[in-house]
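Enquirer: Take this structure, written in structure tokens, and hold onto it; I'll ask about it next.
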Amino acid sequence: MWDTLIIIPFTNALLFIYTVVGQNFGVAIILFTLLIRIVTHPLMVSQIKGGQAMQELQSNPRYKEIQEKYKGDKEKLAQEQAALLKELGVNPFGSCLPLLIQFPLIIGLYQSLYKAMANTPLDLFTMTRHLYPFLDITRILPINNQFLWMDLSQPERLVLNFLPFGIPIMAIVVMATTYVQSKLMTPPPSGNPKDQTAMMGNMMNLYMPFLMGYMGLTLASGLSLYFTVSNLFGIAQYAALGKANWSNLLPKPRQAAVEVVPDKKSGSKANRGKK
């Protein structure tokens, strides 16, 4: 069922684009990634709205009052929070559900890329068995996996003559674009130290770039190309929707420290700002 609904259609769509663009697999991956992002754009908009609604809820006076009033009774707290969410029309899963829907599509895309690149004779045989009738096998084989300096079926390294090792350029780019996208997606802080949305966002900003960078380092560079294009297009989407929080990329101003200075005349202590 998974192969029939996700893997085989994705693989055929990618190979169809490959034949249209003149057997350039890198360009096919870029165009296919943009197509996936456009198709899932409504889900992304829903995710943004859900996240914004939950962010605004954290600063709602009634929500704070409920948290304070029932902090010792978790069951009553959950009931009152659910009632408030229903009254305000806020779906607690509004920001998570679209992401859960997109996740199988992302996994399907990974598997489709591997199947389309056909690294072994067995992979090639399996791929040809699942081609749709309108695809001409003579225009697909042999598959050209070369794009710029990369073999898209292998992990990417840029080899320079004066260095004894290859530089993982795509892994670095994947890590950087993931970091920038996650920072732009993070809403401004609400000022509430118990803001769960902010805490989750900070965790994602910390771990996700390293996870994606590791995948870019170890997996086929075709996936790294997909990650990079998807991140860049995601940044463009957020910017076009006016939701990109550019201030998160700027260094935060340092707060002045407060020095306690004894007042010899009154015997009390006075605060003095210190840079």
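Enquirer: Past the 19 Å Cα-Cα mark, which pairs from LYS49/LYS69; LYS49/LYS243; LYS86/LYS243; LYS49/LYS76; LYS183/LYS243?
Expert: Numbers: LYS49/LYS69 28 Å; LYS49/LYS243 10 Å; LYS86/LYS243 25 Å; LYS49/LYS76 27 Å; LYS183/LYS243 11 Å.
Pairs exceeding the cut-off: LYS49/LYS69; LYS86/LYS243; LYS49/LYS76.
Enquirer: Next up: Evaluate the stretch 22-97: find the radius of gyration of its Cα atoms, find its Kirkwood radius, and give the ratio Rg to Rh.
Expert: Value, to two decimals: 1.31.
Enquirer: Stretch GLU56-ILE137 to full length: gain in nm at 0.36 nm per residue minus the Cα-Cα span?
Expert: On the way: separation 81, 0.36 × 81 = 29.16 nm, distance 5.38 nm.
Going from the current span to full extension adds 23.8 nm.
Enquirer: I would also like to ask the following. How much accessible area per residue does the stretch 1-157 have, in Å², with a 1.4 Å probe? If you can, show how the numbers build up before the last one.
Expert: Details: 9060 Å² over 157 residues.
Accessible area per residue, the stretch 1-157: 58 Å².
Enquirer: Show me 222-231, 151-160 ranked by packing, highest mean number of other Cβ atoms within 10 Å first.
Expert: Working: 222-231: 23.6, 151-160: 17.2.
Most protected by this proxy first, the peptides run 222-231, 151-160.
Enquirer: Another question, then. Hey, rough spin-label estimate for SER247 and LYS86, points 7 angstrom out along Cα→Cβ, what's it come to in nanometres?
Expert: 3.6
Enquirer: Leaving out ligands, DNA and RNA but keeping every protein chain, what accessible area does TRP2 have, in Å² rounded to the nearest 10, with a 1.4 Å probe?
Expert: Counting only protein heavy atoms, the figure is 100 Å².
Enquirer: Starting with the highest mean, order 13-25, 127-139 by the number of other Cβ atoms within 10 Å, averaged over the residues of each peptide. Spell out each step's value before the answer.
Expert: Values: 13-25: 17.8, 127-139: 11.7.
Taking the mean over residues of other Cβ atoms within 10 Å, the ranking is 13-25, 127-139.
Enquirer: Take the solvent-accessible surface of the protein heavy atoms, probe 1.4 Å, and return the percent of it on the stretch 19-157 that carbon and sulfur atoms account for. Don't skip to the answer; put the middle values down first.
Expert: Working: 5090 of 8220 Å².
On the stretch 19-157, the fraction of accessible area on carbon and sulfur atoms equals 62 percent.
Enquirer: Label points 7 Å out from Cα along the Cβ direction at ARG129 and LYS74: separation in nm?
Expert: 5.0
Enquirer: Starting from the 7 Å offset along Cα-to-Cβ, what nm value, one decimal, do you get for the label separation of LYS64 and TYR207?
Expert: 3.0
The values are calculated or read from the model by the stated rules, or taken from the named source; none is laboratory data. Since the structure is predicted, the reported quantities are computational estimates derived from the model, not experimental observations. Cβ atoms come from the backbone with ideal geometry, glycine included; neighbour counts cover every protein chain shown. The accessibility values were calculated without ligands, DNA or RNA, using every heavy atom of the protein model including side chains. Shrake-Rupley method; radii C 1.70, N 1.55, O 1.52, S 1.80 Å.
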